[in-house]
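S.K.: Supplied in structure tokens, the structure appears directly below.
The values are calculated or read from the model by the stated rules, or taken from the named source; none is laboratory data. Nothing here was measured: the structure is a model prediction, and the numbers come from that model. Positions of Cβ are backbone-derived with ideal geometry, glycine not excepted, and every protein chain shown enters the neighbour counts.
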């Protein structure tokens, strides 16, 4: 299916590996000029080369407001503008209420909430002026069902979801859609760090019977950026193989 994205320009954060990489690769395959970022020059360059289609690799740490703003600015300069923004960042350290110090919350919020706000502030006004734009935030299923032992991620990502839903309603009339994608367990470095090198879908309670593939996830992100998805906004879409048991 032609997603109607030929010639669009996308900034995809934290995309040297994992779900960010899968999203950037899917967009590039659909004719989008892509700029990705990561903290390691060699990894970013390798990812950009693997994505192909003229993908641009940038070094940036989107875990801070300054780094997030700098990434969007660099992507805008490299591509001549940003029509699509995919926000993404790693997760904060695991821990529960008893084990997590108060001081740990501020960097977690900077990583998984304020980075999203900063990237949107940097990219969305120009989208509004052009009367076309797409924001897709990669968050977590924890915003629907908090995950035990991940209190920092649960807290920060829930805040980001509230921000994104509010933004979606404010910019909808300007031709800009804002959605988030809530990944369940996919084969990424973050997941193997938490669950081992070969996560067992059965033990993890994934009804589909297998761990998610970052490439498949990227196709979902690409669809939300498409012309066909222009009436989809303010949505938090779970991609988890049926693991989330909530009714709505």
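S.K.: Report, by residue number, each residue of the range 116-137 that is assigned to a helix (DSSP H, G or I) and touching a strand residue (DSSP E or B) at 6+ places or on another chain (Cβ under 7 Å).
M.R.: Those that are assigned to a helix (DSSP H, G or I) and touching a strand residue (DSSP E or B) at 6+ places or on another chain (Cβ under 7 Å): 116, 119, 120, 123, 124, 127, 128.
S.K.: Can you name every residue in the range 151-181 that is in contact with a strand residue (DSSP E or B) (Cβ under 8 Å, 6 or more places away or on another chain) and over 23 Å from residue 8 (Cα atoms)?
M.R.: 151, 152, 160, 161, 165, listed by residue number.
S.K.: Looking at residue 220, is it within 25 Å of residue 113 (Cβ to Cβ) and buried (at least 21 other Cβ atoms within 10 Å of the Cβ)?
M.R.: no
S.K.: In this structure, is residue 148 more than 17 Å from residue 86 (Cβ to Cβ) and crowded, with 21+ Cβ neighbours inside 10 Å?
M.R.: Answer is no for this residue.
S.K.: Is one or more of the residues making up the range 202-212 crowded, with 16+ Cβ neighbours inside 10 Å, touching a residue at least 40 places away in the same chain (Cβ under 8 Å) and in contact with a strand residue (DSSP E or B) (Cβ under 9 Å, 6 or more places away or on another chain)?
M.R.: no
S.K.: Pick from 184, 215: which is buried (at least 19 other Cβ atoms within 10 Å of the Cβ), touching a helix residue (DSSP H, G or I) at 6+ places or on another chain (Cβ under 8 Å) and either under 25 Å from residue 9 (Cβ atoms) or modelled with pLDDT of 85 or more (or both)?
M.R.: Residue meeting the stated conditions: 184.
Quick grid of which residues meet (1) at pLDDT 95 or above; (2) surrounded by 24 or more Cβ atoms within 10 Å (Cβ to Cβ):
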| position | (1), (2) |
| --- | --- |
| 21 | yes, yes |
| 27 | yes, yes |
| 30 | yes, no |
| 93 | no, no |
| 100 | yes, no |
| 106 | yes, no |
| 109 | yes, no |
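S.K.: Just checking, does the range 203-211 include any residue being more than 15 Å from residue 90 (Cα to Cα), part of a helix (DSSP H, G or I) and more than 20 Å from the chain's Cα centre (by Cα)?
M.R.: no
S.K.: If you take just the helices (runs of 4 or more DSSP H) that sit entirely in the range 5-95, which of them hold at least 3 residues that are touching a strand residue (DSSP E or B) at 6+ places or on another chain (Cβ under 6 Å) and more than 25 Å from residue 223 (Cβ to Cβ)?
M.R.: 41-51
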